[in-house]
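K.L.:
The structure's right below; bear with me while I get my questions together.
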Amino acid sequence: MHDHNDQEPIGSVPALFPIRQERQRLDDLLTQELLDAAVRVIAGPVTPTIDLAAFRRELAGFDFTEPRPIDELLAWTVARMEEGVVHVTHPRYFGLYNPSPTFPAQCADRIAASFNPQLATSTTSPVPVEIEAHVIRAVARRAGLPPQAGGHFTSCGSEANYTALVCALTRCNGHFATMGSRSFEGPPVFYVSRESHLAWLKIAHQAGIGRSAVRLVATDGCGRMDPDALSRTLIDDRERGCVPVMIAATAGTTNAGMIDPLLDCAKLARFARAWYHVDAAWGGALIASERLRHVLDGIEQADSITIDAHKWFATTMGCGMFITRHPEVLSSAFQVSTTFMPSNLPQVDPYVTSIQWSRRFLGLRLFLSLGAAGWVGYAQHVEHSTELAALLRQRLERCGWSVINDSPLAVLCIKPPSGFDKARPLVSRLLAAGRAWVAAAMFEGEEIIRACVTNGESSEHDVDELVMALEAAAVA
Ligand SMILES: Cc1ncc(COP(=O)(O)O)c(C=O)c1O
């Protein structure tokens, strides 16, 4: 007796919906291809080697008139990916916060792709919705928020930060939902440091309050928001008739991993009666470590927090989280009612408490990773990164290089020894050699080399290799 997947149903397209045995053969083939590629990636260059002009010509050959065998397509794709991306899975990728993903998160993606649940409502996906809510509550509690705190997974940190602004505007003015920024007596404005992640400008634009609503507050010379400058800007704005709606402190600036003075920002937000958001997109993972979490003191006072699981929690991309102590504000910001949805319950249905409607099962990535490693495993993971960063600092300083940020996270802003070339040309040479990946960036007005430990499998040997690669790329 055959069951459904042993025979092609009449009318279905076998290339899109192969029978069970064929799926199994292709699954095994792909698994093997990916395992082999992972071994080659680690042994090869970190940077792309593809000839992009040739690749574009090859791609033009895909005019989709004739079907091609899936075996061929899979092998082709894996091969081109090997040549055509910066390898964040390489242990000498010391780059932006793109992690080498955890294995449980990769398993989660397979499971989500297989069942393909729609997480808009609990009615259609009760188990996934409960799992996501459970993880969000666990992270919120770990960050020190009260038991009623809630939130949801987002596509990325920018979506979570955008959610924070919408909540701030909605709570600040009861008419914002219907009238938008016209409901305010003066222009609504919000405060971030000039070292914050500048997606805030796009967020202000999308929210309809305009890019000029973003106050880029001065820093203290060490990359942290200066509370005196924040206080002065708030007073000036009030005097000019602007309405401060939110202070967003950054816990782990993108360039330098600096943490704004969270307690001062909380106090000023209370004083200004503004929403207090903490953008802990990367640094938030420190809640896992009993030894290091004190650097986030003050995060527990936040009205809302952004943490990206796809950064230091090392899930696959993109997997942000928005957490708030006021879940009721989410439902007033995102409530909508339709006849075609099977339910409309702000307590459980994500589509009425968040920006997204159709929703992928992202939270499973962190559920399985946390489940398999526990907080204790993540504590070890983040501490390993900070220890390697400290080691890198030591090695560089011994060779006459300097590190000009003082971050408790795993990122260094490096300057070559005096008399050597500037950061940007040096980084270009280093990337051309392909032995390691670092970024060129600015920190407090200075051009620097930014090296960040993002790969949970990087080792002391990789730190030594990076130092050698930097020395080789330095030209007097
Ligand atoms: C501090 C901070 N906030 C927000 C973001 C934006 O996150 P995403 O790229 O997930 O949108 C980043 C990204 O690096 C970041 O470092």
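K.L.:
Taking a cut-off of 13 Å, what percent of all Cα-Cα pairs in the stretch 384-429 are separated by more than that? Numbers along the way, then the final one.
P.N.:
Working: 591 of 1035 pairs.
That fraction is 57 percent.
K.L.:
For Phe55, Phe190, Phe340, write out the residues from largest to smallest accessible area, computed with a 1.4 angstrom probe and no ligands counted.
P.N.:
On the way: Phe55 45, Phe190 0, Phe340 150 Å².
So, going from the largest accessible area down, we get Phe340, Phe55, Phe190.
K.L.:
Would you please put 384-391, 64-71, 45-52, 315-322 in order of how densely packed they are, using the mean number of other Cβ atoms within 10 angstrom per residue and starting with the highest? Kindly include the intermediate steps, with their values, before the conclusion.
P.N.:
Values: 384-391: 18.2, 64-71: 9.2, 45-52: 15.8, 315-322: 23.6.
By packing density, highest mean first, the sequence is 315-322, 384-391, 45-52, 64-71.
K.L.:
Can you sort Trp282, Trp76 by 1.4 Å-probe accessible area, starting with the largest?
P.N.:
Details: Trp282 5, Trp76 55 Å².
Largest to smallest exposure gives the sequence Trp76, Trp282.
K.L.:
Using a 1.4 Å probe on the protein heavy atoms only, what accessible surface does His461 show? Give it in Å² to the nearest 10.
P.N.:
My reading of the accessible area for His461 is about 110 Å².
K.L.:
On the principal axes of its Cα set, how long, how wide and how thick is the stretch 208-325? Give whole Å, largest value first.
P.N.:
44, 31, 28
K.L.:
Kindly state, to the nearest 0.05, the FRET efficiency for Ala75 paired with Phe17, given R0 = 25 Å and r defined as their beta-carbon distance. Kindly include the intermediate steps, with their values, before the conclusion.
P.N.:
Values: r = 21 Å, r/R0 = 0.84.
Efficiency at R0 = 25 Å is approximately 0.75.
K.L.:
Right, here's the next one. Counting Lys and Arg as +1 and Asp and Glu as -1, what is the net charge of the other residues whose Cβ lies under 10 Å from the Cβ of Ile305?
P.N.:
Working: positive: Arg325; negative: Asp279, Glu300, Asp303.
Around Ile305, the charge tally is -2.
K.L.:
For the stretch 338-476, what percent of Cα pairs sit more than 21 Å apart? Intermediate values should be presented prior to the final figure.
P.N.:
Numbers: 5293 of 9591 pairs.
For the stretch 338-476, the share of Cα pairs beyond 21 Å comes to 55 percent.
K.L.:
For the chain, what is the accessible area per residue in Å² when the probe is 1.4 Å?
P.N.:
Numbers: 22060 Å² over 476 residues.
On a per-residue basis, 46 Å².
K.L.:
Name the shape class, rounded, prolate or oblate, that the alpha-carbon gyration tensor gives for the stretch 1-74, where a ≥ b ≥ c are the square roots of its eigenvalues, rounded holds for a/c under 1.5, and otherwise prolate holds if a/b is larger than b/c and oblate otherwise.
P.N.:
Working: a/c = 5.71, a/b = 1.58, b/c = 3.62.
Taking the square roots of the gyration eigenvalues as a ≥ b ≥ c, the stretch 1-74 is oblate.
K.L.:
While we're here: In what sequence, highest mean first, do 238-244, 345-351 appear when ranked by Cβ atoms within 10 angstrom?
P.N.:
On the way: 238-244: 15.3, 345-351: 17.3.
So the peptides 238-244, 345-351, ranked by packing, come out 345-351, 238-244.
K.L.:
Let me ask something else. What residues qualify as long-range amide H neighbours of Thr316, i.e. H under 5 Å apart, gap of 5 or more or another chain, H built at 1.01 Å from N?
P.N.:
Here Thr102 satisfy the definition.
K.L.:
Sticking with this structure for a sec: What is the spin-label model distance, in nm, from Asp6 to Asp228 if the labels are put 7 Å beyond Cα along the C-beta direction?
P.N.:
Result: 8.0 nm between the two label points.
K.L.:
Work out the length of the dipole vector of the stretch 363-431 about its Cα centre, built from +1 on the beta-carbon of each Lys and Arg and -1 on the beta-carbon of each Asp and Glu, and round it to the nearest 20 debye.
P.N.:
Numbers: 8 positive and 5 negative charges, 66 e Å.
It comes to approximately 320 debye.
K.L.:
For the stretch 386-392, what does the Karplus curve 6.51 cos²θ - 1.76 cosθ + 1.60, with θ = phi - 60°, yield as ³J(HN,Hα) per residue in whole Hz, taken in order and with x for Gly and Pro?
P.N.:
Once θ is set to phi - 60°, the couplings for the stretch 386-392 become 5, 5, 5, 5, 5, 5, 4 Hz.
K.L.:
Further question on the same structure: Show me 22-30, 358-366 ranked by packing, highest mean number of other Cβ atoms within 10 Å first. Present the calculation step by step, with values, prior to reporting the outcome.
P.N.:
Numbers: 22-30: 12.8, 358-366: 24.0.
Ranked by mean Cβ neighbours within 10 Å, highest first: 358-366, 22-30.
K.L.:
Hey, if you drop one equal point scatterer on each alpha-carbon of the chain and run the Debye formula without solvent, what base-10 log of I(q)/I(0) do you get at q = 0.07 Å⁻¹?
P.N.:
-0.42
K.L.:
Got a sec to turn the phi values of the stretch 289-304 into Karplus ³J(HN,Hα) couplings, 6.51 cos²θ - 1.76 cosθ + 1.60 with θ = phi - 60°, whole Hz, x for Gly and Pro?
P.N.:
These are the phi-based 3J(HN,Hα) values: 9, 4, 6, 10, 5, 4, 5, 9, 3, x, 5, 5, 8, 5, 6, 8 Hz.
K.L.:
Need the full-extension length gain, Glu328 to Leu29, defined as separation in residues times 0.36 nm minus the C-alpha distance. One decimal, nm. Show your work: numbers first, answer last.
P.N.:
Numbers: separation 299, 0.36 × 299 = 107.64 nm, distance 4.81 nm.
Net length gain for the segment: 102.8 nm.
K.L.:
If you plug each phi of the stretch 18-25 into the Karplus form 6.51 cos²θ - 1.76 cosθ + 1.60 with θ = phi - 60°, what whole-Hz ³J(HN,Hα) values come out, in order, with x for Gly and Pro?
P.N.:
Couplings: x, 6, 3, 4, 5, 4, 5, 4 Hz.
The values are calculated or read from the model by the stated rules, or taken from the named source; none is laboratory data. Keep in mind the model is a prediction, meaning the values are calculated, not measured. Backbone-built Cβ (ideal geometry, glycine too); neighbour counts: all protein chains shown. Heavy atoms of the whole protein, side chains included, go into the accessibility calculation; ligands, DNA and RNA do not. Shrake-Rupley method; radii C 1.70, N 1.55, O 1.52, S 1.80 Å.
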